[in-house]
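The values are calculated or read from the model by the stated rules, or taken from the named source; none is laboratory data. Owing to the predicted nature of the structure, the values given are computational and were not obtained by experimental measurement. We place every Cβ from the backbone using ideal geometry, glycine too, and count neighbours over all the protein chains shown.
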Amino acid sequence: MAVIKFDTPLQFIKGVGPKLGERFKDLGLFTVQDLLDWYPRAYEDRRAARSIASLKPDELVSLRAEVVNVKSFILGRSRRKVYDLTVRDETGKIHCKFFRVPYKGYFERFQPLQKVRVIGKVTHYRGQIEFHHPDVQDDTPDLVADDDVVVPIYPETEGLTNRQLRKLIGFVLDELKASQRELDPRVKGYVPSDRLPKWLKEKYDLVDRFEALEKVHRPPKDATKDFTDLKSPYHRRLIFEEFFWLELWLASRKEGVAREPGLPFESRTELVKKLRASLPFELTGAQLRTFEEILKDLTGFKPPHPMHRLVQGDVGSGKTLVALMAALVAIENGYQATLMVPTEILAEQHFRTAEKLLSPLGVQVGLFTGSLKTSERAQAQSLLAQGAIQLAVGTHALIEDAVGFKNLGLVIIDEQHRFGVHQRARLKEKGVSPHFLVMTATPIPRTLAMTVYGDLDVSQIDELPKGRSPIQTRAGYESHRPKMIEFVRSHLKAGRQAYFVYPLVEESEKIDLKNAMTEFENLKQKFPEYELGLLHGRMKPDEKEHVMREFRDGRYQILVATTVIEVGVDVPNANVMVIEHAERFGLSQLHQLRGRVGRGSHKSFCLLMMGHAVSDEARTRLKVMEETTDGFLISERDLEIRGPGEFLGTRQSGLPGFKLANIVRDVRILQESRDAAMEVFRRDSSLVTSEHKWLRLQLLDKHGPASLAGIG
Ligand code: ADP
Ligand code: MG
């Protein structure tokens, strides 16, 4: 048989027939390299098998047991089907719950009395311990011989057992080891197992790649807990590399931007000075610092290149003003600026703010939304094309329609935390190279920001305006409702306003909408002495805007709304927010919603009303909300609770899925890989030296020719 190399197709390997070959293809595994990158997701430590009675929450354990039965039931309101596999040993019974079916026919394989091994994390749920999605394997007699070892557990897949995988990977590793010794690096088809430059491996103390692969797939007999927790130097090496290819790509983009010709702005700040003089308050130190950073980007690059900056600032930290100041610098330089936001309500609100603050300075502001009348739009567009409108505020449509600017110099994107690398790239394809400012309140944990926005510079507004007192938050049950209502009433009596927010979950939009409407009627009965407005996503934009305006101007004391008010809305006189079915919201959404209050000088309150059957996880979320108002802390906790995949929605963010790496667990490694990627470009900005040319090929391979366009 021919020598096995990293690029050998899997079907050419002894023991891989057509059937298995097809299975591999389904899993996206084509070559030996792919197979070796199919990492164990956990290890079963058979040296310390456990009894059911001895299990404690949060332990990762392995035990031998026998099947009692498999049942399925429907979980409460969520209407999700849950499978429950009960197993027992001499010491007791435990439930293994599955909230999705690993693969078709998975549960049919279990028969009462069947011997199995269960490997998983012990979970505490409603007062008892159980497993959620453990690995369950047949405990066949021929496995008993392995009883004193640490066994890799691969992701569960149909038609491919862990035993098969272990055997095949072992075989491939042996063959590779033999062939790597023989192969000459100059021979065509030779793929070195290690593609990282020597200096980098030394500096970051990385073990050899092949050794890492081997150890990860074949755990040493004396493997420690660090090893089974995926924290060994071998795991670190592979995790580092996974992050590194992403960070290298982001660094190459950053390098590309640094070479792109930009608009030559001068440091003109007369308008900014006038604006500041007109404000009834002082800017915070953080607002000033952020503005300085922006000004430096706009004017300080030699030769000029476009600013690519992200401003992160918690809700209410005053990002809008910073954006307007940046816009003024562009305008004073003779360019146009645009401020893009995700919703029409927000566009309308920013337009009003901008007009109020900037028209006294002689700046012409225009509004661009989908709901403009045709004639209005035509007029606005012609003013924009002539350059008469200097600041265009609007929704996404603004840039997607390629509305014609005369000389666009600055693009500001507000409240778009999901605006990822790829969308920005697309904007550029329009052939404009203006400065870019992205503003987000969704406090993305720093680590995640590094991956999603890795090619942006980051400013943080980490200070709230003076005189804000923290919002007090309490979670309550149905039994607290009468008290809650009286509490709201007392604040309305004092002249304040309140929000009542209802969830709107996509699948059952109609039902939820009905809830909001029914509740609207109920609340009207409860507050006969006040005016109430209703706001929901099914309303026409101008209806929404009307309701919003009435609330802002104080003609409604209560605004009943679905989550359409989530982002950016600013009504300082409103100081009480009631969130119904708070358990249905995610942490970042709750934080965003809560940010609608606490915007003025009045002490503010957020009441989280819980429905029935609230899960432990939801309770944890609400507790986090009670304990802190710090958006960054909340986002870190959110990331821990939900995991990175759900946190951003991979598709929208352009965030790749990692095989072994975990952004939460491996933060330190992520940071190191980022530093390393930056250093590569400092040493060799076009990746041309012999030690870096592999990096160049990898970029090309993983991200296409465009990834090299910027770096020449
Ligand atoms: P966000 O960062 O959530 O977008 P906004 O820009 O909407 O916050 O600002 C929230 C409120 O705080 C607005 O009413 C704004 O006028 C006010 N504000 C902004 N900066 C300051 C400041 N330095 N001092 C006092 N109030 C401020
Ligand atoms: Mg805002």
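Considering only region 405-419, I want to know if a residue exists there that is more than 16 Å from ligand 1 (Cβ to nearest atom), modelled with pLDDT under 85 and surrounded by fewer than 20 Cβ atoms within 10 Å (Cβ to Cβ).
yes
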Looking only at residues in region 282-305 that are polar (S, T, N, Q) and within 16 Å of ligand 2 (Cβ to nearest atom), which one is nearest to the chain's Cα centre (by Cα)? Thr290
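Which one is nearest to Gly394 (Cα to Cα) among residues in region 578-591 that are touching a Gly at 6+ places or on another chain (Cβ under 9 Å) and not small (Gly, Ala, Ser)?
Here is the first cut: in region 578-591, the ones touching a Gly at 6+ places or on another chain (Cβ under 9 Å) are 580-584, 588, 591.
Those still in the list that are not small (Gly, Ala, Ser) too: 580-581, 583-584, 591.
On the way: Glu580: 31, His581: 32, Glu583: 33, Arg584: 31, His591: 25 Å.
Once the filter is applied, the top-ranked residue is His591.
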Within region 272-281, is there a residue that is touching a residue at least 60 places away in the same chain (Cβ under 8 Å), within 32 Å of the chain's Cα centre (by Cα) and in a helix (DSSP H, G or I)? no
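If you check Glu266 against the conditions, is it in contact with a Ser or Thr (Cβ under 8 Å, 6 or more places away or on another chain) and more than 23 Å from Gly362 (Cβ to Cβ)?
Details: in contact with a Ser or Thr (Cβ under 8 Å, 6 or more places away or on another chain): yes; more than 23 Å from Gly362 (Cβ to Cβ): no.
No, not satisfied.
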Within region 332-360, of all residues that are crowded, with 21+ Cβ neighbours inside 10 Å and charged (D, E, K, R), the one farthest from the chain's Cα centre (by Cα) is Glu348
Among the residues of region 69-123, which ones are surrounded by fewer than 18 Cβ atoms within 10 Å (Cβ to Cβ), under 25 Å from Asp45 (Cα atoms) and of a type in the set (A, V, I, L, M)? Leu113
Looking at (1) within 21 Å of Lys201 (Cβ to Cβ); (2) of a type in the set (S, T, N, Q); (3) touching a Phe, Trp or Tyr at 6+ places or on another chain (Cβ under 6 Å), which is the only condition Ser252 fails? (3)
Conditions (1) within 15 Å of ligand 1 (Cβ to nearest atom); (2) among the hydrophobic types (A, V, I, L, M, F, W, C); (3) outside any strand (DSSP E or B); (4) within 29 Å of the chain's Cα centre (by Cα): number failed by Val564: (1)
Scan of region 310-322 for residues that are within 12 Å of ligand 2 (Cβ to nearest atom), over 14 Å from Gln349 (Cα atoms) and of a type in the set (A, V, I, L, M), ordered by number: Val311, Val315, Val322
State which residue is farthest from ligand 1 (Cβ to nearest atom) when the search covers only region 246-273 and only residues that are touching a Gly at 6+ places or on another chain (Cβ under 8 Å) and of a type in the set (Lys, Arg). Arg259
Name, by its number, the condition in (1) under 24 Å from Val216 (Cα atoms); (2) surrounded by fewer than 16 Cβ atoms within 10 Å (Cβ to Cβ); (3) touching a helix residue (DSSP H, G or I) at 6+ places or on another chain (Cβ under 7 Å) that does not hold for Ser685. (1)
So which pairs qualify, if the first residue must be in region 568-595 and without any contact (Cβ under 8 Å) to a residue 40 or more places away in the chain, the second must be within 14 Å of ligand 2 (Cβ to nearest atom), the Cβ gap must be under 7 Å, and the two must be at least 6 apart or on different chains? Pro572/Arg599; Gln589/Glu566
Are any residues in region 126-136 farther than 15 Å from Lys93 by Cβ and either of a type in the set (Phe, Trp, Tyr) or in a loop (DSSP other than H, G, I, E, B) (or both), and if so, which ones? Arg126, Gly127, His133
Of the conditions (1) modelled with pLDDT of 65 or more; (2) among the small types (Gly, Ala, Ser); (3) under 33 Å from the mean Cα position of the chain (by Cα), Ala425 clears all except one; give me its number. (1)
Does region 292-339 hold any residues that are assigned to a strand (DSSP E or B) and within 15 Å of ligand 1 (Cβ to nearest atom), and which are they? Leu310, Val311, Gln312, Gly313, Leu339
Hey, among the residues in region 274-291 that are within 9 Å of ligand 1 (Cβ to nearest atom) and either within 12 Å of Leu357 (Cβ to Cβ) or in the same structural domain as Pro434 (by TED's automatic domain parsing) (or both), which one's surrounded by the most Cβ atoms within 10 Å (Cβ to Cβ)? Leu279
Any residue that is farther than 21 Å from Arg276 by Cβ, in contact with a Leu (Cβ under 7 Å, 6 or more places away or on another chain) and away from ligand 2 (no atom under 16 Å from the Cβ) - is there at least one of those in region 341-363? no
Residue count for region 340-371, restricted to those that are farther than 22 Å from Asp570 by Cα and touching a helix residue (DSSP H, G or I) at 6+ places or on another chain (Cβ under 7 Å): 2
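Can you tell me which residue among Val329, Val363 is within 19 Å of Ser267 (Cα to Cα), modelled with pLDDT of 95 or more and either surrounded by fewer than 23 Cβ atoms within 10 Å (Cβ to Cβ) or in the same structural domain as Arg552 (by TED's automatic domain parsing) (or both)?
Testing whether each residue is within 19 Å of Ser267 (Cα to Cα), modelled with pLDDT of 95 or more and either surrounded by fewer than 23 Cβ atoms within 10 Å (Cβ to Cβ) or in the same structural domain as Arg552 (by TED's automatic domain parsing) (or both) leaves just Val363.
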Across region 456-471, the tally of residues that are of a type outside the set (Val, Ile, Thr) and either within 16 Å of ligand 2 (Cβ to nearest atom) or at pLDDT 95 or above (or both) stands at 7
